[in-house]
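Comments concern the structure below.
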Amino acid sequence: DTAVSQTPKYLVTQMGNDKSIKCEQNLGHDTMYWYKQDSKKFLKIMFSYNNKELIINETVPNRFSPKSPDKAHLNLHINSLELGDSAVYFCASSQGPLGTQYFGPGTRLLVL
Amino acid sequence: AQTVTQSQPEMSVQEAETVTLSCTYDTSENNYYLFWYKQPPSRQMILVIRQEAYKQQNATENRFSVNFQKAAKSFSLKISDSQLGDTAMYFCAFMKGGSGSQGNLIFGKGTKLSVKP
């Protein structure tokens with residue numbers, strides 16, 4: 001069983017489109033995260049949710065909107081996609097903000 | 001603000017040899033955690049080792065061990081008996097501890113390790 005899963009694994013789309021990436025964890029964790037890995041492999045946190053409440057919102061354009069319908073899911077919706085949004089997006093989860101974070105397999109987004 | 005520096009963009013090692021990856025960090029916090037994550041070509045981020053700053057004993061996981069020097073703010077990773085499957089990007093990461101922590105992992109830029117047969 002996959003602990004943290006993301007769909008889709010690959011996403012190719014045109015500039016200006018709106019897309020969503022889904023994340024689910026079956027570890028029973030209460031905290032979930034989104035990270036962005038750019039073309040130089042640099043990883044940076046975007047959002048963090050604890051018990052469905054937003055606790056971190058780094059300087060991310062408001063075109064990015066996370067949604068947590070329950071503690072096991074944290075989805076990422078992106079409006080009006082831009083070329084610079086091309087990256088690998090990772091979801092992660094932990095038990096509390098101090099717990100070890102376990103990552104999903106990543107979603108490679110390519111905006112043309 | 002905390003920063004994490006990995007000064008070796010690329011390294012290589014012969015199979016069965018030992019290699020050490022360096023990591024330094026800057027923080028004014030006293031309560032924090034340090035991690036090494038591995039990212040093989042499959043892209044999956046895999047936890048290698050975790051160290052609590054309040055623990056003086058260096059963490060170990062099988063062939064992986066760290067040399068944690070708190071005063072020097074250094075956290076190097078030693079891989080013993082390197083295997084071909086250790087070929088990956090290795091990321092050092094810092095996380096603030098304490099009740100105010102939000103779980104924000106701050107990553108270094110990574111070291112690409114190649115294990116050669």
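Charges were assigned to the Cβ only: +1 to each Lys and Arg, -1 to each Asp and Glu. The resulting dipole of the protein assembly as shown about its Cα centre is roughly 200 debye. When only the Cβ of Lys, Arg, Asp and Glu is charged (+1, +1, -1, -1), the dipole of chain B relative to its Cα centre reaches about 180 debye.
Relative contact order of the stretch B:3-116, taken over Cα pairs closer than 8 Å and 6 or more residues apart, is 38 percent. Of the GluC sites (Glu not before Pro) found in the stretch A:1-80, the ones in coil according to DSSP and having at most 14 other Cβ atoms within 10 Å of their Cβ are A:E58. In loop segments of the stretch B:41-117 as defined by DSSP, the chymotrypsin sites (Phe, Trp or Tyr not before Pro) with at most 13 further C-beta atoms inside 10 Å of their C-beta are B:Y54. Report the net charge of residues surrounding A:D38, where surrounding means a beta-carbon distance below 11 angstrom and charges are Lys +1, Arg +1, Asp -1, Glu -1. Charge balance near A:D38 sits at +4. Quick one: net charge around B:Y25, please, counting Lys, Arg +1 and Asp, Glu -1 for every other residue with C-beta under 15 Å from its C-beta. So the environment of B:Y25 carries a net charge of +2. Amide H contacts of B:S76: B:C23, B:N67, B:Q69, each under 5 Å away and 5 or more positions distant or on a separate chain (H built 1.01 Å from N in the peptide plane; Pro and chain starts excluded). Each other residue within a Cβ distance under 12 Å of B:Y54 adds +1 if Lys or Arg and -1 if Asp or Glu, for a net charge of 0. Structure note, pairs A:K71/B:K109; A:K36/B:K73; B:K38/B:K109; B:K55/B:K116: Cα-Cα distances above 23 angstrom occur for A:K71/B:K109; A:K36/B:K73; B:K55/B:K116. When only the Cβ of Lys, Arg, Asp and Glu is charged (+1, +1, -1, -1), the dipole of chain A relative to its Cα centre reaches about 240 debye.
Surface exposure of chain A, expressed per residue as accessible area with a 1.4 Å probe, stands at 48 Å². Remark: relative contact order (chain A) = 37 percent; criterion is Cα-Cα distance under 8 angstrom and separation of 6 or more residues. Considering only B:Q51, B:M95, B:S12, the residue lying farthest towards the positive end of the dipole of the stretch B:3-116 is B:M95, judged by Cα position with unit charges set on Cβ.
Both chains summed, the buried accessible area for A and B stands near 1900 Å², from protein heavy atoms and a 1.4 Å probe. The accessible surface of chain A, taken with every protein chain in place and a 1.4 Å probe, is 50 percent carbon and sulfur.
The values are calculated or read from the model by the stated rules, or taken from the named source; none is laboratory data. Given the structure is predicted, the values throughout are model-derived calculations rather than measurements. When we count neighbours, we look across all protein chains shown, and the Cβ atoms used for this are built from the backbone with ideal geometry, even at glycine. Accessible surface is based on the protein model in full, side chains and every heavy atom, while ligands, DNA and RNA are left aside. Shrake-Rupley method; radii C 1.70, N 1.55, O 1.52, S 1.80 Å.
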